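Notes to accompany the following structure.
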Amino acid sequence: MDQPTTGAAAMRARYTGRARDLFPLFLGTLLLTVVTLGVYRFWARARIRKHIWSRIALQDDALEYTGTGKELFLGFLKAALVLVPVIALVPLMDVLAAANPDFALAFSAMKAVVYLVFGYLFYVGYYAATRYRLSRTRWRGIRFALAGSPWHYGAMAMLGMVLRFVTLGLYTPYYDVKLAGYEAKNRRFGTEPFLFQGSGRDLLGSYAMCWLLFIPTLGLSWFWYDARRMCYVVAHTGLDKAQLSLGNITGWKVMALKMGNFFIALFTLGFCYPVVVRRTMRFWCDNLSAMGSVDFARIRQAATRAGSGEGLAGFFDIDAVGG
């Protein structure tokens, strides 16, 4: 269905959900998850996402989540076939090292390789899960999508981790922008690609200040760098002739969000998850906007979509909401 061109005006996101509306669904799906010994959690996650997505509005039109619990469950089973044998290697190496002390060093090296593979698969899983979620998200009938390779993303992430280590962390801004840029440039809204232009060099000063103040602030300086990083990445991302913005996000606000969510979840033993969701979604939607124009009339539905569930991310329990 053709959509009119949006003129050069601010386009804003809005979250209309209320915690009390999510509570019955959350408690009901939690009970079913407990009764089924955890099996229902995939269907619970799909139902909760449908609820949350439907309360996110762009230009007064809500998002739609079309993923299913069955897809998430099958994706988890596929990931288990890969990861369970890898996990089993760790205690096996310990047993073999205890039985063969002369080869303990070799077995320790093999165990280190297993951990590296695990780390690599974590990043692969994150990218594949993002691709799945976008492919199951529609706005005005048009699907989002994520091109690119999860395996390439995982390799970039692991190489970046090595460079961060050998540079005592100073490569971090380049690492952050490189990964965010790869993901942003591969995002699609139907047939329209997102655009990204940015350089880690622009964040080097912010990171250096964070690095210098990390110990004196007991690590709290990271929130200020995190806020600067997110604002920079979003501000350098666009769609057609529209430029995105996160508004006036500060380190204080990010710290209040994340620490507030942590303590709410901690002191309520997770039962106030709907409150965490509302705080998180309101925070990002209230600050996200785009200035410029998008010719929606020429955007068409993408030909393909990701065919499986979240797989590795489901195994690692990486979720999109609640940060």
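Quick rundown of the values:
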{"read-out": "Test: residue in segment 119-137 that is surrounded by fewer than 16 Cβ atoms within 10 Å (Cβ to Cβ) and under 19 Å from Val233 (Cβ atoms)", "value": "no"}
{"read-out": "Some residue of segment 212-219 being more than 18 Å from the chain's Cα centre (by Cα) and touching a residue at least 24 places away in the same chain (Cβ under 8 Å)", "value": "no"}
{"read-out": "The lone exception for Ala104 - which of (1) part of a helix (DSSP H, G or I); (2) in contact (Cβ under 8 Å) with a residue 12 or more places away in the chain; (3) in contact with a helix residue (DSSP H, G or I) (Cβ under 8 Å, 6 or more places away or on another chain) it fails", "value": "(2)"}
{"read-out": "Matching residues, segment 124-141, being more than 15 Å from Thr68 (Cα to Cα), among the hydrophobic types (A, V, I, L, M, F, W, C) and out of contact with any helix residue (DSSP H, G or I) (no Cβ under 8 Å at 6 or more places or on another chain)", "value": "Trp139"}
{"read-out": "Residue that is farthest from Phe283 (Cα to Cα) [pool: residues in segment 6-55 that are in a loop (DSSP other than H, G, I, E, B) and of a type in the set (Val, Ile, Thr)]", "value": "Thr36"}
{"read-out": "Selection status of Phe165, under 29 Å from Phe214 (Cα atoms), surrounded by 15 or more Cβ atoms within 10 Å (Cβ to Cβ) and not hydroxyl-bearing (Ser, Thr, Tyr)", "value": "no"}
{"read-out": "Filter result (among the hydroxyl-bearing types (Ser, Thr, Tyr) and under 13 Å from Gly200 (Cα atoms)) within segment 135-181", "value": "Tyr171, Thr172, Tyr174, Tyr175"}
{"read-out": "Complete set of residues in segment 264-299 that are assigned to a strand (DSSP E or B), buried (at least 18 other Cβ atoms within 10 Å of the Cβ) and out of contact with any Ser or Thr (no Cβ under 6 Å at 6 or more places or on another chain)", "value": "Ala290"}
{"read-out": "Residue within segment 49-64 that is farther than 30 Å from Gly292 by Cα, of a type in the set (A, V, I, L, M, F, W, C), in contact (Cβ under 8 Å) with a residue 24 or more places away in the chain and surrounded by 14 or more Cβ atoms within 10 Å (Cβ to Cβ) present", "value": "no"}
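Yes or no, residue by residue, for (1) small (Gly, Ala, Ser); (2) surrounded by fewer than 18 Cβ atoms within 10 Å (Cβ to Cβ):
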position	(1), (2)
Arg187	no, no
Gly190	yes, no
Phe194	no, no
Ser199	yes, yes
Asp202	no, yes
Tyr207	no, no
Leu213	no, yes
Arg228	no, no
Ala235	yes, yes
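The numbers here are math on the coordinates, done by the rules we state, and not lab data. Note that the structure is a prediction, hence the values are computed from the model and not measured. When we count neighbours, we look across all protein chains shown, and the Cβ atoms used for this are built from the backbone with ideal geometry, even at glycine.
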